[in-house]
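Notes follow the structure.
Nothing in this text is a laboratory measurement; each read-out follows from the coordinates by a stated rule. Please read all numbers here as calculations on a predicted model, not as lab measurements. Counting neighbours? That spans all protein chains shown, and the Cβs are built from the backbone with ideal geometry, glycine included.
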Amino acid sequence: MDRVARQLAVTYPEVDSNVATNLIPIKEVLVGDMRPVLLILLAAVGLVLLIACVNVANLLLARSTSRQREFAIRAAVGAGQMRIVRQLLTESTLLALIGGGLGLSIAKFGTAAAIAAMPQTMPRAEGIGLDLRVLLFTVLISMAAGIVFGLAPALRTRHLEIAGDLKESVRTVVRSRNRTQSLFVVLEMATALVLLIGAGLMIRTLFVLWGTNPGFDPHNVMTFSVSSPTSLLRGDPSAIRAFFRQIHNKLASTPGVQTVSLGYGADPMNGDDELYFSPHGRPRPAHVADLPMALVYVVEPEYLKTLHIALLRGRFLSDSDSEHSAAVVVIDQTLAEKYFPGQNPVGQYLDLGTAPSNGGQMPNPRIIGVVAHVNQWGLDLDTGSALRTQMYISLAQIPDSSLKALMRVTVHARGTSGAPDFAGLRQQLLKVNSELVAFDDEPMEQIVLRSIASKRFSMTLLAVFAGLALLLASIGIYGVLSYLVGQRTQEIGVRMALGAGRLQVMRMILADGARMALAGIGSGVLAALGLTRLISGMLFGVKPTDMLTFTLVSLMVCAIAILACYVPARRAMKIDPMSALRNE
């Protein structure tokens, strides 16, 4: 391709000099920019799995505590340490495989629901589903989870003291187990906080995007394309212009239609067309390829009213700007600021055309107005685009050669209440000419939403995973505190018998939960400060270290953690001292 580019530069020096090629793998074209999104979602799923496994490890640890005497008896009658470890690992792996099987069953329905909610921009969505690869992956992950997270209780059995464990209460080993379980809860809370902060940043991004002004009003606007009859394009240019005016008048007279504009070229967030230009009177580069480019919108005078684009200076196109009048052009604010800084561009001229030998180029048009910038590339991508300058040319003033090559036009129609009915508009077109074909109909609101569809989809899934992570972490802290209350029943009874009030007992249990929650929140905040930078490319108008998101999520996690502590704390408060003292 480099060799082809060099040959083109020699053959067509006016257009192809200094033009390089850019090769893109077809896989990248098919998959698009979804790879970072899917990797982040995969990481979120992995964190949810981690929390779930930590919960199971906590439960197995608590269960192994109550089975301490059983293990001591097994050891006393000849069972080796590895035999007991293998038994516990077998139990945990079996639990993991059963969980994986149930997960596959749920995934069968969950995948169908996720695919139904996927945006149309999601590439290769039709190939998503459960297959042998997913089955093998689930089996391997389940076995790995069972082995890794079954090790914590299994390894505890290596230090059995047979005589002591046979004659002592299980409470002699509670304290060391409590530390391990507390660390697990801290890990759960930290992981859940990282996911929630990521989801919070994505939610804030969507709110910023929804509040972004695209430069036009998409509400109540329907857009579609109309093919031009081939018989018409063979005719006289004046007949073609008259035919387009007839289409315009017919559509404008449709009940429920407020304004209509026909055009071609660039279409906000839906298609683009570019044109070389230069401010008139300034030195031109030697080659056309070195000229700046601008997005060109070839439209009718009603375009501004149809899309509600703000007029900043001068005037917009009018019916008097016809094929018989002097050529005019309207530029956007970005072009005005970049090429006419500190000046009033109204009244100045632009040089258009691809080459001096192009006989179909327009005469140098005079700038008659400046309008607001339109987000051509989407709500979130426009500011980072290299091509943002825009200009508007009257459909009636395009050269005859361009007019006769116009195979299709785009229609924008604004309704009085809601987007106009496409079927009604198509019927009106057929009354003009039965050969007209209308297609690609879509409300402008849908086009705007489609530009952020992938962000909305990933935010939804991330929020679901984060909510599930918070639920699992809350269950974890509740389970640990409930277990601790059960193990400390006698201690609590002694405290109350010695004069401790019920509120003091409640504060003691809540303090244990609060310490674990605060440790988890502190660790999670530190981890999130580093990990949220990985999703910086998916954010818009929000920093990866946004303090408002960090603060609100931390407070929410703390409140939910305290709520999870309340039930076991209330149960501890109701313990009867005499019953607790009589208990073993």
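With everything on Cα atoms, drop me the angle between helix 237-252 and the longest principal axis of the chain, reported from 0 to 90° to the nearest 10. Helix 237-252 and the main axis of the chain meet at about 50 degrees. When shorter helices are ignored and each DSSP H run of at least 4 residues is given -39500 (n - 2.57), the per-residue value for the chain at 222 nm works out to -18500 deg cm²/dmol. Here the chain is assigned +1 on the Cβ of each Lys and Arg and -1 on the Cβ of each Asp and Glu. Its dipole about the Cα centre then comes out at about 3180 debye. In summary, the aspartates and glutamates within cross-link reach of LYS574, defined as a Cα separation below 19 angstrom excluding same-chain residues under 8 places away, comprise GLU491, ASP512, GLU584. DSSP beta bridges confined to the stretch 230-435 are antiparallel in about 70 percent of cases.
Within the shell of other residues whose beta carbon sits under 10 angstrom from the beta carbon of ARG245, the net charge comes to 0, with Lys and Arg scored +1 and Asp and Glu -1. Distance between the modelled labels on ARG366 and THR90, one decimal in nanometres: 9.5 nm (7 Å Cα→Cβ projection). When you count the other C-beta atoms within 10 angstrom of each residue and take the mean per peptide, 51-59, 413-421, 231-239, 317-325 line up highest first as 51-59, 413-421, 317-325, 231-239. Computed from Cα positions, the angle between helix 547-573 and the longest principal axis of the chain comes to roughly 30 degrees.
Pair-distance distribution of the chain: all C-alpha pairs, bin width 20 Å, starting at 0; shares per bin in whole percent are 16, 35, 25, 16, 8, 0. A protection proxy built from the mean count of other Cβ atoms within 10 Å ranks the segments 282-288, 257-263, most packed first, as 257-263, 282-288. For the residue pairs LYS338/LYS404; LYS404/LYS431; LYS108/LYS543, the C-alpha atoms sit more than 26 angstrom apart in LYS338/LYS404; LYS108/LYS543. By how many degrees, 0 to 90 and rounded to 10, does the Cα axis of helix 81-117 deviate from the longest principal axis of the chain? Relative to the chain, helix 81-117 is tipped by roughly 30 degrees. When both the stretch 1-59 and the stretch 265-300 are represented by their alpha-carbon centers, they are found 28 Å apart.
When the Cα positions of MET269, VAL298, ILE452 are compared along the charge dipole of the chain, ILE452 comes out farthest toward the positive end, with charges on each C-beta of Lys, Arg, Asp and Glu.
Cβ crowding within 10 Å ranks TRP210, TRP377 as TRP210, TRP377, fewest other Cβ atoms first.
Ranked by the mean number of other Cβ atoms within 10 Å of their residues, highest first, the peptides 562-571, 181-190 come out as 181-190, 562-571. DSSP assigns beta bridges within the chain; of those with both partners inside it, close to 75 percent run antiparallel.
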